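The values are calculated or read from the model by the stated rules, or taken from the named source; none is laboratory data. Everything numeric here is computed off the predicted structure, so don't read it as measured data. Don't worry about glycine lacking a Cβ; one is built from the backbone with ideal geometry, like all the others, and counts go over all protein chains shown. Areas reflect the complete protein model, heavy atoms only, side chains present, ligands, DNA and RNA absent. Shrake-Rupley method; radii C 1.70, N 1.55, O 1.52, S 1.80 Å.
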Amino acid sequence: NGSLVFELTSSIDKSLVGRIADCGFYCGKDKSMSGAEKIECKMLGGTFSADITLHEYGETFYACSYISNGTEGNEICSEVKKITVKELEEYVEFGQPVLVSYDRDTKVASVSISYKVEEGVEVAARGVCYGSSKDLSVNGDNLKDADLSSGSATYEIPEIDAGKTYYVRPYLYDGDDLAYGDVSELNAYAVPVVETSEVTDITDVSATCGGKVTDDG
């Protein structure tokens, strides 16, 4: 259903079967259903359903429904269906990093990044990798983690020289797998300093004024 919570549903024509004592699903990673997990359900009319959460990204699972009259060995299973769990990146959407501010004295750039995750995705950590190379990952690059309570955060990135090009890349960690956003350029420019000159030669219809750039940043 577009997230990591998959709904399994099965229906039967109760007029074609006798007593149904047990019903549910089998779910596992083997198409033969060997070693599959058994999920017991309750019949509502002629339908039963169950939600399962699958966190193994990029993996394929199989499921089938079953009914039984309670007698050992007297169980009927449906056709086996395939469930494909996409890679973690396909369940996470990162916004474009935005430069919020830059302090030329401390060389600290503030960058805001938003993200959205599908229902069922665990969020153990998130943040940004940054550096002067486009090849960014959580292995050895500078990292900034952030509060997990909302879908956006602002990161203060130090040691950014004005006029030089740096790169940032958002990431999200679910405890086992990593999802990365696109690598974006971070161009920090210092704010120029301009002084207004004294206004002179004031008449009824004119005046002389101007300014001076004391630091072009």
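Tell me the per residue accessible area of the chain using a 1.4 Å probe; a whole number in Å² is fine.
Values: 13180 Å² over 217 residues.
Per-residue value: 61 Å².
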Cut-off under 5 Å, modelled amide H: who pairs with R104 long-range: V191
Extension gain from S49 to T196, taking 0.36 nm per residue of separation minus the Cα-Cα distance: 45.6 nm
Highest-fluctuation residue, Y180, Y66, Y130 considered, GNM on the chain with Cα pairs under 10 Å: Y66
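Given a Förster distance of 45 angstrom, what is the FRET efficiency for V5 paired with S133, based on the Cβ-Cβ distance and rounded to 0.05? Write down the numbers at each step before the final one.
Numbers: r = 38 Å, r/R0 = 0.85.
Once the sixth-power term is evaluated, E becomes 0.75.
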Per-pair calculated FRET efficiency, R0 = 45 Å: D182 and K81 via Cβ, rounded to 0.05: 0.85
Accessible area of the range 1-103 belonging to carbon and sulfur atoms, whole % at 1.4 Å probe: 45
From phi via Karplus (6.51, -1.76, 1.60), per-residue ³J(HN,Hα) for the range 174-188 in Hz, x at Gly/Pro: 9, x, 10, 10, 10, 10, 10, x, 6, 7, 10, 6, 10, 9, 9
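Below 8 Å between Cα atoms, with a sequence gap of 6+, how large is the relative contact order for the chain in percent?
On the way: 468 pairs, mean separation 32.6, N = 217.
Result for the chain is 15 percent.
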Net charge, K164 excluded, C-beta distance under 12 Å - Lys, Arg +1, Asp, Glu -1: -2
When the convex hull of its Cα atoms is projected in every direction, mean area for the range 173-217 (nm²): 6.8
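Of the peptides 92-104, 167-179, how do they stack up when ordered by the mean number of other Cβ atoms within 10 Å, highest first?
Working: 92-104: 16.6, 167-179: 19.5.
Put in order of decreasing packing, that is 167-179, 92-104.
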Compactness of the chain as Cα Rg over 2.2 N^0.38 Å, two decimals: 1.76
Amide H partners (placed H, <5 Å) of D22, local residues excluded: S68, G70
Rounded to whole Hz, the Karplus (6.51, -1.76, 1.60) HN-Hα couplings of the range 61-78, x for glycine and proline: 10, 10, 9, 8, 9, 9, 9, 8, 8, x, 7, 4, x, 9, 10, 10, 10, 7
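Please report the net charge: other residues with Cβ closer than 9 Å to the Cβ of Y26, K and R +1, D and E -1. Write out the running numbers ahead of the final one.
Working: positive: K38; negative: E37.
Its environment carries a net charge of 0.
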The range 11-16 - phi-based ³J(HN,Hα) in whole Hz, Karplus 6.51/-1.76/1.60, Gly and Pro as x: 9, 9, 8, 5, 6, 9
Placed amide H near R126: partners under 5 Å, 5+ positions off or other chain: A146, Y173
Fluctuation leader among S112, S152, S197 - the chain, Gaussian network, Cα springs under 10 angstrom: S197
